[in-house]
Structure formats: C-alpha cells, structure tokens
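The values are calculated or read from the model by the stated rules, or taken from the named source; none is laboratory data. If you're wondering where the values come from, they're calculated on a predicted model, not measured in any experiment. For accessibility, only protein heavy atoms count, side chains too; no ligands or nucleic acids. Shrake-Rupley method; radii C 1.70, N 1.55, O 1.52, S 1.80 Å.
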Amino acid sequence: MKTIAVLIDFSKRSEHAARYAMHLAQKIEANVLLFNAFLIPADMPMAAAQVAWPFYQYDEIKTDAENSLTEFCNKLKNEVKVRPLPGTFMPAITYQCEEGPVADTLSTLSKDKNIVLLVAGTHGSDAISTFVLGNNSRELIDDTTLPLLLVPEDASIENIEKIVFATDLHINDIKFINALAGLANKFSANIMIANVNPETPADTKHNKAENSFMQEMVLNVDYRRVSYRNIPNQNVKKGLELVFGKEKPDMLVMVHRKSSILDFFFKSSITKKIAADTPVPLLVYPYPIDAIPVF
C-alpha cells in the first residue's frame, strides 16, 4: 500500500505538515506513517564529551516519544473522521521512532518500498534554532533518496489547483514531470513548466534546448493540463519569486542535483535557497533516483 512518511518532532510546524500530508493521502489513497527521530544526550557532541549518559535514558526518551506519537496519531484519526464526505479514502495512520539525527535515520525509510513521499515542516530561520538543531531542511534535501515535500507552517490545506515545475531544461526532467502528472491528475491541477533564464536573442543555444525540451515533453508526458513559460531573469531565485507573485501556485516542484565539489565552494544550491523561505509547499525530487515513485 502506498505510504506517505511524515517527519514529526512535535512542533506546530511538523504537526501542520502532518495534516497537509493527510490531505494528500486522502487524494492519492495512501496510508500515513508518522516518523520521529529522537536524540539522546549522547548523540549531542558537546554533551557526549562531558559525561557518560546511562543507557536507561534511552528507554525513557523512546517511551516518551512513542507516547507523544500515539497521542498525535489518535488526534489525527479523530480529525479525519469528522464529517467525511461519502467515498472519501480513510488513510491508516501508524507511527515509528528511531534514535539518531534526522538525516542519519533516513535510510530506515528508504528501505520501505511502499513509501512514495517524505513530508517535513520547514524550520524557522531564527539563530537559536539553527545553532542548536541545525537546518534539517538543507540536510534532508541533500540526503534523502525519496521525493521530499517541505511544507511551510502557514501553507493552506486545500485542493491543489496549480503546480509550478521549475526546470533548467535538463532532458531528464521530463520523467519527473510525467510522474508529477500522476499527482496533478488526482486534483485536476494545472502544471506550469517554468524556466528562468537571462533574456537572450531567439537564435541562441537556449532556444534550441527549449524547443528540444518541449518536443520531448509533448511526446512523453501524457497529461493535457500542462503549459510552459519562459521567465527572463538573471537570477533564478528572483525569477521564481516573480512566478509566485503572479501565478500564485499551490506547489512548487524542483529536481535537486547534488553539486560538484567546486560548486560546493563557490555557489549554493538554488533548491536550498528556495527552500529557505518558500511561500508554498516545495516538492523536491532527488537526482539521481533509482525509481520515481508513482502517486
């Protein structure tokens, strides 16, 4: 059975992301797994270096996490049962918790072939949160082998009407658009393919790449509600921000290709820059990926 895994740390952000995931699960007819990665003091470098922590604390912390998961799981079950529409799919909700940093526990989820999507709430940018907890969103983008949906804490939980897929015209993006069409079809949503590039003459290399991309998309994407828009701008992030303002999409989709070592030193990932303050849920496909999950 298809499953959506939601990363839960019991913050309001993560609980909101779980409710967003429940809405998606009802549409794509998937179950929901609430996943908590908990830390014991020994996992924290400064604490581990100063004192040896007794093993019984592991059991206590895990029990507390499981109790909190059970409580929130029951809350979600009760919420979804309130006035369900006839024929509405009712997802089964389960939970799991593992000890360790979030990024280190992702392999556990990756082994479950039923999981089609990983959902997480976006973290705040305040200095204390970043220093103590780290920026989990950035780590997740780099480390996940599953499609990752980052949900802002103020994202509306409603039907998806418009999805923007940001592309650099990489030909491999076609298969991700085709997979995305499965999700869009559940909502009868429109997909707008957006390419941000500097304003250049019509006979440039970019224009040829654009024509080739469009031809491949027509041949390989079996979904009618797809359009294309070129956004002239020297800055990709600013170009996409213009799209947010004008098109008001319900979701943004990007393919994250890990940078080379030189890119690591000289520039930051566009996906991570967008994830830092995205106004809408951001769906990130990792690349490469063994098999793109079907929604």
Going through the cross-link list LYS162/LYS237; LYS113/LYS186; LYS27/LYS272; LYS186/LYS248, which pairs have a Cα-Cα distance over 26 Å in this structure?
LYS27/LYS272
What residues have an amide H closer than 5 Å to that of PHE38, excluding those fewer than 5 places away on the same chain, when H is modeled at 1.01 Å from N in the peptide plane?
GLU98, GLU99, GLY100
How do ASP277, ASP250, ASP222 stack up against each other in accessible area, from largest to smallest, with a 1.4 angstrom probe?
ASP222, ASP277, ASP250
